[in-house]
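The values are calculated or read from the model by the stated rules, or taken from the named source; none is laboratory data. The structure presented is a predicted model; accordingly, all values stated were derived computationally and were not measured. Note that we place each Cβ from the backbone using ideal geometry, even for glycine, and neighbour counts take in every protein chain shown.
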Amino acid sequence: MSPSINRQWRLAQRPVGDVKPGDLVLQESPKPVPGKGQILVRNLYLSLDPTNRIWMSDMDQYMPPVEIGDVMRGGTLGVVEHSNADGFAPGDIVILPYCRYVVDPVQLEIREGHITRIDGGLDAKLMRDWLEDGRQNERDRDPFAVSHLGWGMNPQAPWYWMALHGDDPERNRAAARVFPGNFLFSTGPNTQGGGKRSTRGHYDVPMRDCTVELDGRTIIDRGRFTDPRLVVAREQR
Ligand SMILES: [Fe+2]
């Protein structure tokens, strides 16, 4: 079957006893195009558990039952094929290879863990050309790989430090990565995390005002910690 087809098992009727042919129908539709802020995932594995049978019944249970006509629910493992992540906004900081504030929006298209397109103005051009120059040959995509991610908690490192004190790399490279609530987006090497990508094409961007979820729980809401245990008191110096 064509990979451009989205195949779905839909619940046609509630089974009585064992699941029988006709209880589920296979429906095909065109592969959806992800909208703004959405990602497209290609499922590799679909789990089939005893609870699937419970979800097919209209009975009191721990989750809402699958409605007649709806896609049969199941846990999956998949790969992101297409991402419409927003990219960078003015005020985010490019700390590697430059020490500069992002001054115009940068739109990134990410497919299968790699940036495939960078749109915008000067900041997009700086990013594109630096990562292009980090390639070792025409097939090398390592500089464009999404790499290490993280967030900061250090209240002694305000994001406006570089505007106050200048762009000296030795002074900024650590501070700009740790200010509270930032989310670090990076591309390129992953050797410090035990990976094998050692490319010199490397981009580190602490991003401001992000919302971060872990296991479905928001830990940073638009740049602010939602859990007070993550907030470190600032010392006045
Ligand atoms: Fe980095």
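Can you find a residue that is closer than 30 Å to Leu184 by Cα, of a type in the set (Phe, Trp, Tyr) and at pLDDT 90 or above anywhere in the stretch 86-93?
no
Take the conditions (1) within 16 Å of the ligand (Cβ to nearest atom); (2) within 23 Å of Ser198 (Cβ to Cβ); Phe88 misses just one of them, which is (2).
State yes or no: is Glu67 in the same structural domain as Gly188 (by TED's automatic domain parsing) and exposed (fewer than 13 other Cβ atoms within 10 Å of the Cβ)? Criteria not met by Glu67.
Which one of the conditions (1) over 15 Å from the mean Cα position of the chain (by Cα); (2) within 16 Å of the ligand (Cβ to nearest atom); (3) at pLDDT below 90; (4) of a type in the set (A, V, I, L, M, F, W, C) does Trp151 fail to meet, given that it meets all the rest? Condition not satisfied by Trp151: (1). Answer yes if at least one residue in the stretch 144-163 is over 24 Å from Pro97 (Cβ atoms), surrounded by 12 or more Cβ atoms within 10 Å (Cβ to Cβ) and without any contact (Cβ under 8 Å) to a residue 40 or more places away in the chain, and no otherwise. No. Total residues in the stretch 7-30 satisfying the condition of being assigned to a strand (DSSP E or B) and either in contact with an Asp or Glu (Cβ under 7 Å, 6 or more places away or on another chain) or surrounded by fewer than 13 Cβ atoms within 10 Å (Cβ to Cβ) (or both): the figure is 7. For Asp58, the conditions (1) over 20 Å from Pro34 (Cβ atoms); (2) within 16 Å of the ligand (Cβ to nearest atom); (3) modelled with pLDDT of 90 or more are fulfilled apart from (2). From the list Val212, Val178, Val231, the lone residue that is under 16 Å from the mean Cα position of the chain (by Cα) and either of a type in the set (Val, Ile, Thr) or over 18 Å from Val146 (Cα atoms) (or both) is Val212.
None of Val71, Val79, Val103 is at pLDDT below 95, away from the ligand (no atom under 16 Å from the Cβ) and touching a Pro at 6+ places or on another chain (Cβ under 7 Å) except Val103.
Of the residues screened, Leu48 is not one that is assigned by TED's automatic domain parsing to the domain that holds Arg200 and surrounded by fewer than 13 Cβ atoms within 10 Å (Cβ to Cβ). Could you list, in sequence order, all residues of the stretch 164-191 that are under 16 Å from Phe225 (Cα atoms), outside any helix (DSSP H, G or I) and without any contact (Cβ under 8 Å) to a residue 40 or more places away in the chain? Selection gives Phe179, Phe183, Leu184. For Gly201, state whether it is at positive phi and assigned to a loop (DSSP other than H, G, I, E, B). No, not satisfied. Taken over the stretch 174-199, residues that are within 11 Å of the ligand (Cβ to nearest atom), over 24 Å from Asp221 (Cα atoms) and out of contact with any helix residue (DSSP H, G or I) (no Cβ under 6 Å at 6 or more places or on another chain) amount to 5. Within the stretch 200-227, if we keep just the residues that are away from the ligand (no atom under 11 Å from the Cβ) and of a type in the set (Ser, Thr, Tyr), the residue that is farthest from Arg128 (Cα to Cα) turns out to be Thr226.
Restricting to strands (runs of 3 or more DSSP E) lying wholly in the stretch 62-140: which have 1 or more residues that are touching a residue at least 40 places away in the same chain (Cβ under 8 Å)?
Working: elements: 76-83, 106-111, 114-120.
Passing ranges, in order: 76-83, 114-120.
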